[in-house]
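Here the structure is laid out as structure tokens; the discussion comes afterwards.
Computed from the coordinates by the stated procedures, all read-outs in this text should not be read as laboratory data. It should be emphasised that the depicted structure is a prediction, and the values quoted were computed from it without experimental measurement. Backbone-built Cβ (ideal geometry, glycine too); neighbour counts: all protein chains shown.
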2 protein chains.
Amino acid sequence: MNTRFYNARILDKDFQIIQGELHVVGNRIAYIGPEKTQDAYGENAWDREIDVKENLLIPGFKDAHTHSAMTFLRSFADDLPLLDWLNKQIFPMEAKLVPEDVYHLSKLAILEYLTSGITSNFDMYFYPEQIAKASVDCGFRTVLVSPMNDFSSSPREMEEDYIKYNAYDPLIRYCLGFHAEYTTSQDRLKEVARLAQKYQAPVFTHNSETEAEVRQCIERNGVTPTQYLDKLGVWEYGGGGYHCVYMTQEDLDIFKRRKLYVVTNPGSNTKLASGIAPVQKMLDLGIPVAVGTDGPASNNCLDMFREMFLVTGLAKLREKDASAVGADQVLKMAVSEGARCCGLDDCDCLAEGKLADLVMIDLHRPNMQPENNLVKNLVYSGSKENVKLTMVNGSILYEDGLFSIGEDPEEIYAKANEIIRKYRA
Amino acid sequence: MNTRFYNARILDKDFQIIQGELHVVGNRIAYIGPEKTQDAYGENAWDREIDVKENLLIPGFKDAHTHSAMTFLRSFADDLPLLDWLNKQIFPMEAKLVPEDVYHLSKLAILEYLTSGITSNFDMYFYPEQIAKASVDCGFRTVLVSPMNDFSSSPREMEEDYIKYNAYDPLIRYCLGFHAEYTTSQDRLKEVARLAQKYQAPVFTHNSETEAEVRQCIERNGVTPTQYLDKLGVWEYGGGGYHCVYMTQEDLDIFKRRKLYVVTNPGSNTKLASGIAPVQKMLDLGIPVAVGTDGPASNNCLDMFREMFLVTGLAKLREKDASAVGADQVLKMAVSEGARCCGLDDCDCLAEGKLADLVMIDLHRPNMQPENNLVKNLVYSGSKENVKLTMVNGSILYEDGLFSIGEDPEEIYAKANEIIRKYRA
């Protein structure tokens, strides 16, 4: 597919807005710049020529931490204390999951990502084969990360998956990872460190999400999760932590020294009453921060607009300072830092040669007017209503509310409802 | 306009979901119940018969505190400390406002309300004539509330407006009010109390929005704003306070005793770093709580979905309890309490005889699936993408992304941009 976007405003690689055209040839951006006559490409060069009507093209959002297939547990159990929620509601239902269901449930999440302008996800869940297949079948980009813990998967399986899924499809990558310190034995963690060493690869995990998690780790190991994992050598080649709500100065110093990514999940941390991450402090220290939705059981939606507002809003509340974490910074986190966190450096901005993962933002909507500042409009008042088109890897998967992912959404909805009915029975 | 909605799911007056039909005759709901053949009404009874396709009809959201015409300052100045923002950016621009501009800027806000399923607002701003005209011209429902302070309007003008706008149009009401304790002299406040007495009318004002406001009131008057205003008698016949973030036990007791409404504004309180209101405690005490967006300069959007998530999410964070302020409660606040707060008891739920202010929620979207719990889906993962139709007073003003408000939205956008350009020059 070759697509010419003309009459566009474009968020360029420096996050400045320019006027002109953006050309996609195959799966990459071939041109960004002033109006260019079609002659340069010869006749019939374009499959589609799209009049952007002065709307805004931006790089796709990267959902840097999620559990896609947990769509089946959206609104299944909420408004419960955390441990009741997890132990009595979530875990027993997850135990019923079969691989085929993960395929359908991941597809439901992909539909939702597309409505929010999310063009790739960093997905930690069981049954990588089904997740990868769902993404490839839809044309969606996914970086898998191992959810290994003491009860599922194993270091050997992770290594096999690492090799398999890094050669599976151009839309798929695979990262080393594990669920969390509190669910993974020291022996297994040492194996993770060995794999990181062997493949010179980054490692990702849930880290310091709740106060109790940190306290219990200190009781068990004498140090915080960050310090414990660092000592075991899992982050020798980088990686990062999801959540990172409760971080000591020493923890932050480790993240800074090792160039580890924080993936902040404000929607989930809010709804589960976990707390507010010290994002302003992280940025002040130069720690890279990406943004994730977490899974739909805890959030409950997969919406980067909600997350962006919460990143800045909660930082302002935490710091008691309305100037904390500005809109420009948040947008870069949701786009560029997210890309680099997932190892998708080729999707980190709109520039010639980069992969064509992009979104057309509808500015002809009341929440985007007047145009005092388009980036602030996006971060502070943007919503899914503004996502007019989502392109992944050069293919338009979502446009004007309709999906092109190879299956009727109604079938996917029906399957999701069938799955949860079956598990409830 | 007579409209028959069939094949619908309907949130009934007890907030239970029933299957069937909803009939609108003129501006009121004539029937809610099981399928009903058209014969009962005779031939050509309906101007429109709408197949709801198993989507959900809910009462419209009530934006119980806003400053609509501040749309011109959306994203004009953000990420600034509160006092710099207000004194250096907002006030100087507001001083440039002329009445005609308020008309166009209010219309821009109305477009945005409609996209979020908001069917009425409680609007505190200057130039009531222009606000009322904008609402009536669009077919939108507005309750005006006086923004009087020492620098604008006067008790006499408020009384004249009270009489005028309560007889202006069925879509318009007018409430007594004033900007805030800290901008209004005791003499003027006593005049407000006199008017409340004379008309046996409720009074609304900004109240205890920031820590500094409360501290300074105590320095001036020896008591909190709530206690000070109560002693002056402004709430003899009810009313309420916007924001109410910093409330002592005695303040809350006054609200409870006087049956005053709290209108919580979590988006604005977050973005301006004001703090988190004790909403769970208010509910525990039986204080009625409604929800408002505040104006688009501080929020920056007019989106009840964002507000609903923040009401529950911030309560969960504040209480460190994921079970705080459940989804059912939030929805009732945004709908029924909001209606009663504004004196719109006739719009508080979907029932026969009530005014036809309603919204069709599109459930055929990924964020609404699966259907584990429709109310939780709405509050925790709902967004403007789910607003398929917004009806005010029996007229469909918004449907499938298009507006029927008597003016091309592009003209309204152009005027808003023209106004801010003029002020900036």
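Assorted remarks:
- Whole-Å semi-axes of the ellipsoid equivalent to segment A:63-346 (Cα gyration tensor, √5λ, descending): 25, 22, 20
- Between segment A:196-219 and segment B:221-235, the alpha-carbon center distance in angstrom: 52 Å
- Within the listed set B:S274, B:S116, B:S185, the Gaussian network model of chain B (springs between alpha-carbon atoms below 10 Å) gives the highest mean-square fluctuation for B:S185.
- The Rg/Rh ratio of the protein assembly as shown, with both radii computed over alpha carbons and Rh defined as the Kirkwood radius, is 0.97.
- Think of each Lys and Arg Cβ as +1 and each Asp and Glu Cβ as -1; about the Cα centre, that makes the dipole of the protein assembly as shown roughly 1560 debye.
- Antiparallel content of DSSP bridges confined to the protein assembly as shown, in %, to 5: 45 percent
- Placing +1 on each Lys and Arg Cβ and -1 on each Asp and Glu Cβ, with no other charges, gives segment A:63-346 a dipole about its Cα centre of roughly 380 debye.
- Residue (of A:L195, A:T66, A:I110) at the positive-pole extreme of chain A, dipole from beta-carbon charges: A:L195
- For A:V291, residues with placed amide H under 5 Å, excluding near neighbours: A:A64, A:T264, A:G338
- Net charge of neighbours whose Cβ lies under 13 Å from the Cβ of B:D169, counting Lys and Arg as +1 and Asp and Glu as -1: +2
- Based on alpha carbons, the Rg and Dmax found for segment B:289-418 are 16.2, 48 Å.
- 3J(HN,Hα) along segment B:195-211: 5, 4, 4, 4, 9, 6, 10, x, 10, 10, 7, 4, 8, 6, 6, 10, 4 Hz, from the Karplus curve 6.51 cos²θ - 1.76 cosθ + 1.60 with θ = phi - 60°, whole Hz, x for Gly and Pro.
- The Stokes-Einstein estimate for segment A:201-253, based on a Kirkwood radius over Cα pairs and taken at 25 °C with 0.890 mPa s viscosity, is a diffusion coefficient of 222 µm²/s.
- Among A:R365, A:R173, A:R194: highest mean-square fluctuation, GNM of chain A, C-alpha pairs under 10 Å: A:R365
- For chain B, the antiparallel share of DSSP beta bridges with both residues in that region comes to about 45%.
- Equivalent ellipsoid of segment A:121-263: semi-axes from √(5λ) of the C-alpha gyration tensor, largest first, are 26, 15, 14 Å.
- Mean partner shielding of peptide B:165-175, defined as the number of other chain Cβ atoms within 10 Å of each residue Cβ, is 0.
- Shielding of B:306-317 by partner chains, average beta-carbon count, 10 Å: 5
- Sorting B:E385, A:E250, A:E319 from the fewest to the most surrounding beta carbons within 10 angstrom yields A:E250, A:E319, B:E385.
- From phi via Karplus (6.51, -1.76, 1.60), per-residue ³J(HN,Hα) for segment A:65-79 in Hz, x at Gly/Pro: 7, 7, 10, 3, 5, 6, 3, 5, 9, 4, 6, 7, 8, 9, 6
- Basic side chains Lys and Arg get +1 at the Cβ, acidic Asp and Glu get -1 at the Cβ, and with that the dipole of segment A:295-380 about its Cα centre reaches some 400 debye.
- Counting neighbouring beta carbons within 10 Å and listing from fewest to most, the residues B:I110, B:I419 come out as B:I419, B:I110.
- Positive-end residue, chain B charge dipole about Cα centroid, Cβ charges, pick of B:H179, B:L344, B:N166: B:H179
- Using only the C-alpha atoms, the convex hull of segment A:51-105 corresponds to 157 Å³ per residue.
- Inter-label distance for A:E35 and A:D345, nm, one decimal - labels placed 7 Å from Cα along Cα-to-Cβ: 3.8 nm
- Candidates B:Q369, A:G241, A:G295 compared by Cα position along the dipole of the protein assembly as shown: farthest toward the positive end lies A:G241, with charges placed on Cβ.
- Among B:N393, B:N221, B:N55: highest mean-square fluctuation, GNM of chain B, C-alpha pairs under 10 Å: B:N221
- Amide H contacts of B:N2 (H built 1.01 Å from N, under 5 Å, at least 5 apart or other chain): B:G26, B:D47, B:R48
- Over 19 Å (Cα to Cα) - which of A:K62/A:K190; B:K62/B:K354; B:K107/B:K354; B:K13/B:K354; A:K13/A:K332 fall in this group: A:K62/A:K190; B:K107/B:K354
- The HN-Hα couplings worked out from phi for segment B:145-160 by the Karplus form 6.51 cos²θ - 1.76 cosθ + 1.60 (θ = phi - 60°) are 9, 4, x, 3, 8, 6, 10, 8, 6, 6, x, 5, 4, 4, 5, 4 Hz, whole numbers, x standing for Gly and Pro.
- In the assembly of identical copies, A:S152 has its label point, taken 7 Å from Cα in the direction of the beta carbon, separated from the corresponding points by 5.7 nm (ascending, one decimal).
- Number of partner chain Cβ atoms within 10 Å, mean per residue of B:371-384: 6
- Distant-in-sequence amide H partners of A:G240 (H built 1.01 Å from N, under 5 Å): A:V203, A:F204, A:T205, A:Y261
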